Structures are given as structure tokens and as C-alpha cells.
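S.K.: Shown below is the structure under consideration.
The values are calculated or read from the model by the stated rules, or taken from the named source; none is laboratory data. In this text the structure is predicted, and so the values were computed from the model without any measurement. Cβ sites come from the backbone with ideal geometry, for glycine too, and all protein chains shown count toward neighbours. Heads up: the accessible areas ignore ligands, DNA and RNA and are worked out on the full protein's heavy atoms, side chains in. Shrake-Rupley method; radii C 1.70, N 1.55, O 1.52, S 1.80 Å.
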Amino acid sequence: MMNEIEVPVLIAGGSLVGLTTSMLLGHHGIRSLAVEYHRGTAIHPRAAQMTQRSMEILRGIGIEKVVCERSAQQFVQDGGVIGVETLAGGVTQAWIANLNEGIRDVSPSERVFLSQNSLEPILEKRAHELGASLLFSTQVVSTEQDAEGVTAELRHRDTGEMTRVRARYLIAADGSHSPIRERLGVAMRGHPTFSRSITIYFRANLRPYLEGKIVAVVYVNNDRLRGFFRFEKPFDSGFLVVNTHGHPASPDSDCSSELDDARAKEFLHAALGADIPVEVDNVMRWNARAEYVEHMRIGRVFIAGDAAHTMPPNGGWGGNTGIQDAHNLAWKLAYVLSGRAGPALLDSYEAERGPVGALATEQAYTRYVVRTGPHLGMAGTQPLVSDLNVELGYIYRSPVIVPDGQDDGTVHMNPREMRGRPGTRAPHVWLRLKGERVSTLDLPGKAFRLLAGPNAQRVCAEAEKAAQLAGVELTVHRIGAGGLEDPDGIFCAAYGIEPSGCVLVRPDDFVAWRARTGAQASAAELGEVFARVLARGAGAPRA
Ligand SMILES: Cc1cc2nc3c(=O)[nH]c(=O)nc-3n(C[C@H](O)[C@H](O)[C@H](O)COP(=O)(O)OP(=O)(O)OC[C@H]3O[C@@H](n4cnc5c(N)ncnc54)[C@H](O)[C@@H]3O)c2cc1C
């Protein structure tokens, strides 16, 4: 007899994105089961650079502090991203001189480095606390969907025991080779494999080159190889990625064939520029590609993380983009599963995340070509966009976002210029709530929030009336009410509203609707806004 399990959401893959998704679903009160083939959380460091947006998401779920503490133990804080010919030869280029310099005003959170094998246990613990289930050593071997849900078969790696799972929805967070995406026949666009790359994990005394320096990532570009180092404290270990070797004008992009310990050491010495003793701990082989899916939703299956967009690590965005996918999807699934939103809300996942995943992937590819692979040429690359735009300034467009101005079609902008524009992340402003300093992003309420100017009494009252009538959970925050103060007097300008105006912020911190002045909004109009942003079309079937 096969075991049978029923769960609202099944997640294939329990690494960075699978764990994040299960944690965020738990935050919204939805049970999930994540299934991971490996025996535990990640063993390789891989992702480490966390963007401000990812840190805001972790802040919202209560684990930002512990991530920062672990980061301080592991990495030099604010460590920059530089270029060298060899580590011993010194700096030739500063791609990012200091990780947080010049960007602290846009977020309550800072960029940090924490490697994936240290982050994942924190995510796993929080997911468990929030009621998520996780099965390691278990493979999703088949999935089938019908009009009501998804049926999957799981096999335990050691015992061979089979389990059948019935779920309403399935999330494919099963990595760049995504068997689920392949079975569904979802095509990918972009730049297929351009390097058979390697990551060499090694030990050596690196203190003479790194102690006292604010450095975390070091690009290496010399006659022998191209790639990058990443270093942790106390500078007795690190990893070297090698993307190409041989002469820069006609390099060999296959670094993984014929690789043995001696060759790995040769690469290390060529990048270090010093004949110091090195020990190779491990080598990981991977294909550098920059590809993104044509569709992120096929019926009841959602594709997230590397399964949806596989990008080279240049920029440090693969994991971050997956965290954002999870954050966009989790509340939508929670609302649809609980009947608070119409099923069409789920269509907005692909509409909103598709272009943004493509942007991050193309920008990572441009950085790969500029920093590591000039032999590929700039033809077919997107012009370089600032890191901040990619990380915090991405723009969503979908039928559940109500535009309020002319749409120039851009997918990104400087976060300092977003000013509450619908489809952008609600701007960060430091406020005081009952005497405590809080960011606009920290204001209580994990459902919808109405952030309003000091003279917005009327629209706030209308919104509360409309929310009650529509059965929408809404927390209203008006400057000057309930102990909320705007000590610097910048809230309205930051949100592009008059003192009588307001913005409606979704559970994922994105602005869904904005009334520049209170005159624009009656309870009836607000009722229509709620119906639109929750995709509550007349006669919409239950999910
Ligand atoms: C050297 C390097 C440095 C990087 N640095 C950064 C960085 O600084 N910042 C950043 O954001 N990103 C970085 N990345 C990218 C980052 O590691 C990935 O984007 C991230 O791991 C994607 O997470 P994921 O959960 O989508 O996929 P994965 O981590 O690939 O996880 C997918 C999981 O699904 C499991 N799985 C697959 N099929 C099945 C199945 N049938 N049944 C059960 N389980 C299954 C796999 O075992 C795997 O654990 C880096 C990558 C590399 C290689």
C-alpha cells in the first residue's frame, strides 16, 4: 500500500527557493510540504550576496537579525567586489568598492554576504516554526495535474518507499535542470551554456593578501584564466570560480574536462599569483547559462527560482531573484486558497515576475561578458543597468495593479524615483510609531496596508468602510493617527501624494493602487479597487 498525503501546496526542491517558499507560505498560514532529493540543506556555499530586498523579506519574517549576526561571523562587513590580475598583484578595478556605500537611504536593510549553506538551516528552522513540512532524501518522481489539483509520487532514496501526494498546487523549485519544467515542455530563452565552469573550494593562508581589506569577491582576469574568488573570515579558505582558461582572445570555455587535483592547484596558483601551499577540498562543476522560462505558470504548477531563470553568479542575483519569486507567489496562493481572492490573482505571478526574472538574468549575463567573458562580445547583451535598479527598482505590471499615470513600459527605475508608483516596492521612509523608529516597510499588518498622509481622514474612513463591506483585511496607517509620526516630514513626497492622499500596499510590500489626493476615492471606488487587486471577478470559480 502506498502512503497517501494531502497538502495544500507541494514544493519540489527544498534548497534556497523551496525553503523560502515553505517559510513564506507558513507565514501566511498555509501548510506546505517541500521535498528535497539531498539528505539535508546545502553543503556548498554557492549564493552569499543578499540584496537589500531579500534582507527586507527576511526582516518581515523575523530572521534578518540572525542572518546579519551569522554574516558578521563569516564575512568582512560591506566587503566590496574588486578585480585583479592576480590576488598577490593587487587591485586593478573596483566593481563595487564598498557593498553598502551610497545605498543605505533606500532601505531599512543592508546588503550582506552569508553563504547558502549557512543561510538554509536558518530558513529551514523558521519554516518549521511556521508549520511547514520538509522531506529530505526524497525524490519527486512524477507529477500530474487535473482540474482540481496535482498528484505527485515521491520515492525515498534509501528505502525506496513510495508516497502519493495530492495537492491543490505544485511549485517547481527544483533548480536549473528542473525535471518538472522539462516534463511540462516549457521553453527557455536567453543565452544557453557559454562556459562549463568549475568552483574550487580550497584552503590556504590568505591572511597576507586579505587581512584589513574590505573585500569579499575578487574577479581574476589574466593570461591564464578568468573567474572570481570569494573569501570568508578568517582568510584560511575560499573558493575560486573558473569560467574560461587559456589566452583571453580565444579562451577555452570548458574548464571541467580533465580536471584533477593537480590542475585545480594550477588554476589556484595562477589566480593567486603566489606559490603558496593550497589544499583542494572539493570541486563543483556547473554550466554557466543565462536563460529564463517562457512561462512561469502551467495550470496548477508554478515555476520558481533557478528552475525559472538560471543566471551566472555575476551580480549575485540567482538566489535573490528566486527569493523574490517566492515572496510574490506565497501571499497570492494563501489568498486564493483561503477564498479571499479570485483564482486569476495567480496569473499575475507570471505577468509580474516573468519580465523581472528576465531583467536580472540579462543583467547578470552583461556583467559576465564585461567582467569575465569579453570574448563573447557585447552584441546581444542588454546595456548595463545599475545594480540598485535591478535589486530594488524592478516594476510589476499586471491586471491586479491599478496604474495611475502614463506607462513608459520600463521594467526598472531608480528606487529613489519610484515614489509610490503602482507596481513598485513601497518606498522606505523612517517614521516613528508610539515613539519607536520604524520603517514604512515595518508597519504592522501582514495583509493589505493603507498608508495615508496626515489629512487623509476621509479616504481612510471610506477605505475602512469598503474593506469591511468586501471582507478585506486592511490595516490603516495614517500619519498623525495612532501614534504614527513622520519626524522628517518626507512621507508624502516619498509616496508622491498630497497630505490627503494614500497608497494601498499589498502583503508583498508592492503598491497596488495610489490616490494622489483624497478627493479621488469614495467607498464605492475603493470597493472596485479591492475587487480588482484581489481578482474578484464576478462569478469567479473557487480555486
Ligand atoms: C559559485 C556560485 C555563486 C553564487 N553566488 C550567488 C550569490 O552571491 N547570490 C545569489 O543570489 N545567487 C548566487 N548563486 C546562485 C544560487 O546558488 C542559485 O540561484 C540558488 O541556489 C537557486 O536556488 P533554487 O532553490 O532555485 O535551486 P537549487 O539551489 O538548485 O535547488 C534545487 C533543489 O531541487 C532539488 N531537486 C531537483 N529535482 C528534484 C526532485 N525531482 N525531487 C526532489 N528534489 C529535487 C535539488 O536536489 C536541489 O537541492 C551562486 C551560484 C554559484 C554556482
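S.K.: Calculate the dipole size of the range 6-86 relative to its Cα centre from +1 charges on Lys and Arg beta carbons and -1 charges on Asp and Glu beta carbons; express the result in debye to the nearest 20.
M.R.: I would put it at about 160 debye.
S.K.: Just to confirm a number: summing +1 for Lys and Arg and -1 for Asp and Glu over residues other than W286 whose beta-carbon lies under 10 angstrom from that of W286, what do you get?
M.R.: +4
S.K.: On average, how much area does the Cα convex hull of the chain cover when viewed from any direction, in nm²?
M.R.: Value for the chain: 25.5 nm².
S.K.: Equivalent-ellipsoid semi-axes (√(5λ), Cα gyration tensor) for the range 286-361, whole Å, largest first?
M.R.: 25, 11, 9
S.K.: Averaged per residue, what accessible area in Å² does the chain show with a 1.4 Å probe, protein chains only?
M.R.: 39
S.K.: Shifting gears a bit: Going by Cα centres, the range 1-61 and the range 192-259 are how many Å apart?
M.R.: If we compute the Cα centre of each part, the gap is 30 Å.
S.K.: For the range 111-166 and the range 331-401, what is the centre-to-centre distance using only Cα atoms, to the nearest Å?
M.R.: For the range 111-166 versus the range 331-401, the Cα centre distance is 25 Å.
S.K.: Shifting gears a bit: Which order do the peptides 290-300, 354-364 come out in when sorted by mean C-beta neighbours inside 10 angstrom, highest first?
M.R.: Ranking the peptides 290-300, 354-364 by packing returns 354-364, 290-300.
S.K.: Right, another one. Under a no-solvent Debye model with one identical scatterer per Cα of the range 229-366, what's log10 I(q)/I(0) at q = 0.14 Å⁻¹?
M.R.: Taking Cα atoms of the range 229-366 as identical point scatterers yields -0.78.
S.K.: In degrees from 0 to 90, rounded to the nearest 10, what is the angle of the helix 64-74 Cα long axis to the longest principal axis of the chain?
M.R.: Helix 64-74 and the main axis of the chain meet at about 10 degrees.
S.K.: Just to confirm the number: angle between the C-alpha axis of helix 457-470 and the first principal axis of the chain, 0 to 90 degrees, nearest 10?
M.R.: 90
S.K.: While we're looking at this one, here's another question. Can you order the peptides 405-412, 226-233 by their average number of other Cβ atoms within 10 Å per residue, highest first?
M.R.: The most tightly packed comes first, giving 226-233, 405-412.
S.K.: List the pair-distance distribution P(r) of the range 447-493, using every Cα-Cα distance, as the percent of pairs falling in each 10 Å bin from 0 up to the bin containing the longest distance, rounded to whole percents.
M.R.: 27, 51, 19, 3
S.K.: So which lysines can K233 reach, going by Cα to Cα under 19 Å and dropping same-chain residues fewer than 8 places off?
M.R.: Result set, ordered by chain and number: K213.
S.K.: Towards the positive end of the charge dipole of the range 267-309, with charges on Cβ (+1 Lys, Arg; -1 Asp, Glu), say which of A288, A274, A308 has the farthest Cα.
M.R.: Of the listed residues, the answer is A308.
S.K.: Also: As an exercise, find the ratio Rg/Rh for the range 271-316 from alpha-carbon atoms, using the Kirkwood inverse-distance average for Rh.
M.R.: Reported Rg/Rh (Cα atoms, Kirkwood Rh): 1.25.
S.K.: Moving to a separate point now. Can you tell me the dipole magnitude for the chain around its Cα centre, using point charges on the Cβ only (Lys, Arg +1; Asp, Glu -1), in Debye to the nearest 20?
M.R.: 820
S.K.: Compute the separation of the alpha-carbon centres of the range 440-475 and the range 263-325 and state it in Å as a whole number.
M.R.: For the range 440-475 versus the range 263-325, the Cα centre distance is 42 Å.
S.K.: Now a separate question. In the chain, with Lys and Arg counted as +1 and Asp and Glu as -1 at Cβ, which of these residues, G527, M1, N222, has the Cα nearest the positive end of the dipole, that is, farthest along it?
M.R.: Value computed over the given set: G527.
S.K.: Which shape class applies to the range 470-529: rounded if a/c is under 1.5, otherwise prolate when a/b exceeds b/c and oblate if not, where a ≥ b ≥ c are the square roots of the Cα gyration tensor eigenvalues?
M.R.: Prolate.
S.K.: What angle do you read, to the nearest 10 degrees and between 0 and 90, between the alpha-carbon axis of helix 523-533 and the longest principal axis of the chain?
M.R.: 30
S.K.: I've got another one for you. Let me check I've understood the local charge: for P248, count other residues with C-beta under 12 angstrom from its C-beta, Lys and Arg +1, Asp and Glu -1. What total comes out?
M.R.: Overall, the nearby charge balance is -1.
S.K.: Please list log₁₀ I(q)/I(0) at q = 0.15, 0.16, 0.28 Å⁻¹ for the range 28-85, using the Debye equation with identical point scatterers on the alpha-carbon positions.
M.R.: -0.69, -0.77, -1.23
S.K.: Between rounded, prolate and oblate, where does the range 141-186 land on the alpha carbon gyration tensor, with a ≥ b ≥ c its root eigenvalues, rounded for a/c under 1.5, else prolate if a/b exceeds b/c?
M.R.: oblate
S.K.: Select from L384, A466, A344 the residue farthest towards the positive end of the dipole of the chain; place +1 on Cβ of Lys and Arg, -1 on Cβ of Asp and Glu, and compute about the Cα centre.
M.R.: Working it through, the farthest residue towards the positive pole turns out to be A466.
S.K.: In nm, to one decimal, how far is the modelled label at N117 from the one at Q77, with both set 7 Å along Cα→Cβ?
M.R.: In this crude spin-label approximation the distance works out to 2.6 nm.
S.K.: Let me check I have the definition right: for the range 332-419, take the eigenvalues of the Cα gyration tensor, multiply each by 5, take square roots. What are those semi-axes in whole Å, largest first?
M.R.: Semi-axes (√(5λ), whole Å): 31, 16, 11.
S.K.: How long are the semi-axes of the equivalent ellipsoid of the range 91-242, defined as square roots of 5 times the Cα gyration tensor eigenvalues? Whole Å, largest first.
M.R.: 39, 21, 18
S.K.: Sorted by average packing, counted as other Cβ atoms within 10 angstrom per residue and highest first, what order do 79-86, 302-309 take?
M.R.: Result, highest mean first: 302-309, 79-86.
S.K.: Another one. Where Lys and Arg each count +1 and Asp and Glu each count -1, what net charge lies around G482 among other residues with Cβ under 14 Å from its Cβ?
M.R.: 0
S.K.: Carbon and sulfur atoms: what percent of the 1.4 Å accessible area of the chain do they account for?
M.R.: 50
S.K.: State, to one decimal in nm, how far the label point of N205 lies from the label point of R189, with both points 7 Å from Cα in the Cβ direction.
M.R.: For the pair N205/R189, the computed spacing is 5.4 nm.
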